[in-house]
Amino acid sequence: MRSIWNGAISFGLVSIPIKLVNATESHSISFRQVHTEDNGRIRYRKFCELEDREVTQSEIGKGYEDADGTIVPITDEDLSHLPIPTARTIEIVAFVPADRIDPLQMDAAYYLAASGAPAAKPYTLLREALKRSNKVAIAKYALRGRERLGMLRVVGDAIAMHGLLWPDEVRAPEGVAPDVDVTVRDKELDLADALMDTLGEVDLEDLHDEYREALEEVLAAKAAGETPPETPEPARGGKVLDLMAALEKSVRAAKESRGEEVEEAAGTGAAEVTPLSGKKSAPGAGRTPAKRPTAKKTATAKTAGTARTARAAKTAKTAKTAGAAGTTKTAAKARTAKVAETAAATKATASTASTASAAKSAAKKTPAKKATARKTAAARRRSA
């Protein structure tokens, strides 16, 4: 790797000769500007305004334009004699815990390579001191015409330096956060935590630039005179009607993608999302209520508990009513049986009385018939 800056690390009375090497590289695909009619290159030429001619790079220097338009020339020699200690030195000013550094301040990254054998001992000393203390070094240095802030930390067996923005270069996040009051429920946070746990961690080595790969395929196809591959239809955006249902659906989808079994109660379904159309409709128009699926932690637990309580109360009320109805029915049956019994007794009494009356009448008629028969028999004898 080619060094872009030579200098030394300085802390206290220790000086470590080092070379600055880029720690990152760009794999972005760059394009040239061309004339659309004949694909001719479009180039920017550098002209001198006074002489009206193109100049070479060796003729170009630096200059500062004053307020009145006057140009003050500045040479590299002028910059090398700046009255600051960081002109060729990375001056460590403090050692602080790594969490004191705001990631918003992070800028370009570099490796600090030991320059020569004499630098090996102090370089290793600084590296091991940073390791044991679990701290990072804050330093000031000058690069490309300005003084900068940096952070030194250990990466493997090397020391890396991250360029840092000055604190006043980081803008405050004013007007960025929502300006409305929003209440986040614990159940929503629980589902968000469940989604984070389900997605889990990722090995950054497995991530790659899919856009660059797709662009390379297009360029290869165009160079071969073939038709570029078709772009897949992007997923249509939608308006989430139920945040809880969307979170539950996300958890379920993440589990399914990892091959985990997803428990789902009968009668539940996926969260429904209504796509945004070009025309605005009245609030609530055309909306289908989202069915909330069952998950480990659902927002319907409270509702289900209320429903169970209501069903229990309804069942108890029904049982009480049924019990009262059964009692009434039993009493009615008892009264009917009693009436039937009384009627039977009355009928039996009436029958007994009728029988007695008939027997008495028969008893009265028997002597009269006998007397008549005797009179008839006597009359027959007299006639004879």
Subset of the range 150-192 [surrounded by 10 or more Cβ atoms within 10 Å (Cβ to Cβ), among the charged types (D, E, K, R) and within 30 Å of residue 108 (Cα to Cα)]: 153, 169
Here the residues within the range 5-41 that are more than 18 Å from residue 155 (Cα to Cα) and basic (Lys, Arg) are 32, 41
Quick count over the range 39-53, residues being open to solvent by 100 Å² or more (accessible area, probe 1.4 Å), under 30 Å from residue 71 (Cα atoms) and either touching a strand residue (DSSP E or B) at 6+ places or on another chain (Cβ under 6 Å) or not hydroxyl-bearing (Ser, Thr, Tyr) (or both), is 8
Of the criteria (1) among the charged types (D, E, K, R); (2) assigned to a strand (DSSP E or B); (3) at pLDDT 90 or above; (4) open to solvent by less than 80 Å² (accessible area, probe 1.4 Å), which one residue 147 fails: (3)
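Yes/no per residue for (1) within 15 Å of the chain's Cα centre (by Cα); (2) modelled with pLDDT under 55; (3) open to solvent by 100 Å² or more (accessible area, probe 1.4 Å):
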| site | (1), (2), (3) |
| --- | --- |
| 194 | yes, no, no |
| 205 | no, no, yes |
| 218 | no, no, no |
| 221 | no, no, no |
| 231 | no, no, yes |
| 282 | no, yes, no |
| 287 | no, yes, yes |
| 293 | no, yes, no |
Subset tally (residues that are closer than 30 Å to residue 126 by Cα and in contact (Cβ under 8 Å) with a residue 12 or more places away in the chain) for the range 8-46: 15
Which one of these is in contact with a strand residue (DSSP E or B) (Cβ under 6 Å, 6 or more places away or on another chain), part of a loop (DSSP other than H, G, I, E, B) and open to solvent by 70 Å² or more (accessible area, probe 1.4 Å): 24, 36? 24
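The values are calculated or read from the model by the stated rules, or taken from the named source; none is laboratory data. Since this is a predicted model, take the numbers as computed values, not measurements. Glycine also receives a Cβ, built like all others from the backbone with ideal geometry; neighbour counts cover every protein chain displayed. Heavy atoms of the whole protein, side chains included, go into the accessibility calculation; ligands, DNA and RNA do not. Shrake-Rupley method; radii C 1.70, N 1.55, O 1.52, S 1.80 Å.
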